[in-house]
Amino acid sequence: MQETVVIIGGGAAGFFGAITCAETNPCLQVILLEKTTKLLSKVRVSGGGRCNVTHACFQTSAFSQHYPRGQKALKKLLPSFGAEDTVAWFENRGVKLKTEADGRMFPQSNSSETIVDCLMQSAKKAGVEIKTGLGVNEIQVQGEANPQERFVLHLSNGERITASKLLVATGGNPKPENYQWLIKLGHTIESPVPSLFTLNVPSSPFKDLQGVSVPKAKVKLTGQKLETDGPLLITHWGLSGPAVLRFSAWGAKVMHGLAYTGTALVNWVPDFSEDQVRQQILQQRQSSPRKTVFTNALFGLPSRLWQRLCELAEVPDTVKWSELAGKAQNKLIELLLRTPFEVKGKTTFKEEFVTCGGIKLEELHLDRMESRLVPGLFFAGEVVDIDGITGGFNFQAAWTGGFLAGKAMAQTA
């Protein structure tokens, strides 16, 4: 009787686990179940439809620092299958990747379909049996009496299948009730909360500047240690861009606890100290006394942003640098360094939302991604309590976890 391995979830981690398992041990029957009719849906939409496969950072310690949750685990896992291995894996299958200035890596085709096709073809070639529109209603664990039939899966179409090993790669979900079936298997769930979201600022005086961005800003939450930097984008609903997405990733639990409210302070000139900002303004007053403040943006800021900061600092649009009042100057400096935004809610960032939380890492043999509680049960991807900032880090966690689980599942019962 042929041994069967089942993968639940047709996303990045599920596919990678299935392919690795089937390629490592061709004698196994590998079945991948996806409850929807869409396979690899996040892969398709990632990076604006280009698929941010991984990040060009090839040192384990440096790479793992991009994970608000799971840093220590990734330090152990990445040497087995890291970013370099991901690049090689896809290139060996005819998909070359390219690196952008910020380190993100995409297929040279600039299309996520290239990655989807590669995974689909690799699965087909390895003999993975893919079934869509088929959910799992219940999992029964039968123990070690017959290792080849350790798990009984009750499917949504009324059928039952048995498996020797089971990989759960169902992704994250912000609703705790969606983890009940895993709790029934004995596992503990780290409370799931959303990550990678943008900030809603309904009363923002910058709303009409939507589309204006700066290459580097610092975002800080008052009363908390939470602070991140990076490119920042003004939107019609509030604030977005990598600085804000990092802020939401590192502050996922803090912001959840605050019901997504609080005061965010934006420093538009993070490369300058307060003294340097003051000095540059003084220098401008001396070198260009007859120029108007309003139309002479400093620090490389976009003119529309500079003018709005001047308006908020009550700098008249006709006043010259030599005429700038001390009170208005101080207010302008304060706004450059600490513009307050009253946050009231969040907005999901496109389709790239991530859930932090999930299966507790202490309950896994990390080198195999296997449950310590239920032998033969494996986990990979967002369903475990590992999540990264934007930039290809969440996909890398999926490739790494899927690879390790796939290798371990390929060992015969």
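All of the numbers you see were taken from the coordinates with simple rules; none came from a lab. What you are looking at is a predicted structure, and each value in this text was computed from that prediction instead of being measured. Positions of Cβ are generated from backbone atoms using ideal geometry, with glycine treated the same way; all protein chains shown enter the neighbour counts.
Name the long-range amide H neighbours of K98: under 5 Å, sequence gap of 5 or more, or other chain; modelled H, no Pro or chain starts.
F106, Q108
Explain nothing, just compute: Karplus ³J(HN,Hα) = 6.51 cos²θ - 1.76 cosθ + 1.60, θ = phi - 60°, for every residue of the range 237-253 in order, whole Hz, x for Gly and Pro.
With coefficients 6.51, -1.76 and 1.60, one gets 9, x, 10, 8, x, x, 4, 6, 5, 5, 4, 6, 6, 5, x, 3, 6 Hz.
Given K125/K407; K42/K96; K42/K346; K218/K344; K76/K225, which pairs have Cα atoms separated by over 26 Å?
The pairs that break the limit, which is 26 Å between Cα atoms, are K76/K225.
How much length is gained on full extension from S213 to A62, taking 0.36 nm per residue of separation minus their Cα-Cα distance? Before the final figure, lay out the partial values.
On the way: separation 151, 0.36 × 151 = 54.36 nm, distance 2.74 nm.
Gain in length upon complete extension: 51.6 nm.
Taking only C-alpha pairs under 8 Å that are 6+ residues apart, what is the relative contact order of the chain in percent?
Here the relative contact order equals 25 percent.
Among V95, V30, which comes first, then next, by fewest other beta-carbon atoms within 10 Å?
V95, V30
Which whole-percent values make up P(r) of the range 197-348 when all C-alpha to C-alpha distances are grouped in 10 Å steps starting at zero?
11, 42, 30, 14, 3, 0
Using a simple charge model, +1 on the beta-carbon of Lys and Arg, -1 on the beta-carbon of Asp and Glu, nothing else, what dipole does the chain show about its Cα centre, in debye to the nearest 20?
Approximately 840 debye in magnitude.
Residue by residue through the range 264-280, what is 3J(HN,Hα) from phi via Karplus (6.51 cos²θ - 1.76 cosθ + 1.60, θ = phi - 60°)? Round to whole Hz and write x for glycine and proline.
Computed from phi, the couplings for the range 264-280 are 9, 9, 9, 9, 7, 10, x, 7, 10, 6, 4, 5, 5, 4, 4, 5, 5 Hz.
Suppose R0 equals 25 Å. What FRET efficiency, 1/(1 + (r/R0)^6) with r the Cβ-Cβ distance, do W181 and K38 give to the nearest 0.05?
Taking R0 as 25 Å, the efficiency between W181 and K38 is 0.75.
When the Kirkwood radius is taken over all Cα pairs of the range 260-355, what Stokes-Einstein diffusion coefficient follows at 37 °C and 0.692 mPa s, in µm²/s?
For the chosen part, D equals 222 µm²/s.
Can you give the FRET efficiency to the nearest 0.05 for Q148 and E323, using r as the Cβ-Cβ distance and R₀ = 60 Å?
0.10
What are the residues whose amide H is under 5 Å from the amide H of C51, where those residues sit 5 or more places off or on another chain and H is modelled from the backbone?
S46, S112
Once amide H atoms are built 1.01 Å from N in the peptide plane, which residues 5 or more positions from F378, or in another chain, come under 5 Å H to H?
Long-range HN contacts for F378: L166, L167, V168, S371.
At 1.002 mPa s and 20 °C, plugging the Kirkwood radius over alpha-carbon pairs of the chain into Stokes-Einstein gives what diffusion coefficient in µm²/s?
For these conditions, the coefficient is 92 µm²/s.
Estimate the FRET efficiency between E159 and F299 by the formula 1/(1 + (r/R0)^6), using the beta-carbon distance for r and 60 Å for R0, to the nearest 0.05. Walk me through the numbers before you get to the answer.
Details: r = 64 Å, r/R0 = 1.07.
For R0 = 60 Å, the calculated efficiency reads 0.40.
Can you tell me the orientation of helix 112-126 relative to the chain, as the angle in degrees between its alpha-carbon axis and the longest Cα principal axis, to the nearest 10?
On a 0 to 90 degree scale, this one is about 10.
In the chain, once you exclude exposed GluC sites (Glu not before Pro) (DSSP loop, at most 15 other Cβ within 10 angstrom), what's the longest stretch remaining?
Value returned for the longest uninterrupted segment is 160-313.
What translational D, rounded to a whole number of µm²/s, comes out for the range 112-254 from Stokes-Einstein when the hydrodynamic radius is the Kirkwood one over Cα pairs, at 25 °C and 0.890 mPa s?
Reported coefficient: 125 µm²/s.
With a cut-off of at most 10 other beta carbons within 10 Å, and DSSP calling the residue loop, which trypsin sites (Lys or Arg not before Pro) in the range 258-328 qualify? Please list them.
Numbers: sites: R278, R285, R290, K291, R304, R308, K320, K327; in loops: R290, K291.
For trypsin sites (Lys or Arg not before Pro) across the range 258-328 that sit outside H, G, I, E and B with at most 10 neighbouring Cβ atoms in 10 Å, the list reads R290.
What is the Cα convex hull volume of the range 1-64 when expressed per residue in Å³?
Residue-normalised Cα hull volume stands at 122 Å³.
Need one number: the % of Cα-Cα pairs in the range 275-316 sitting beyond the 13 Å mark.
54 percent
Please work out the C-alpha center-to-center distance from the range 380-411 to the range 280-323 and express it in whole Å.
Between the Cα centre of the range 380-411 and that of the range 280-323, the gap is 50 Å.
Determine the distance separating the Cα centre of the range 104-132 from the Cα centre of the range 179-200; give it in Å without decimals.
If you average the Cα positions of each part, the centres end up 27 Å apart.
Can you list the HN-Hα couplings for the range 57-71, worked out from phi with the Karplus curve (6.51, -1.76, 1.60; θ = phi - 60°), rounded to whole Hz and with x for Gly and Pro?
Using θ = phi - 60°, the values come out as 9, 10, 10, 3, 5, 5, 5, 5, 6, 8, 10, x, 10, x, 4 Hz.
For every other residue with a beta carbon closer than 15 angstrom to the beta carbon of K184, add +1 if it is Lys or Arg and -1 if Asp or Glu, then tell me the sum.
-3
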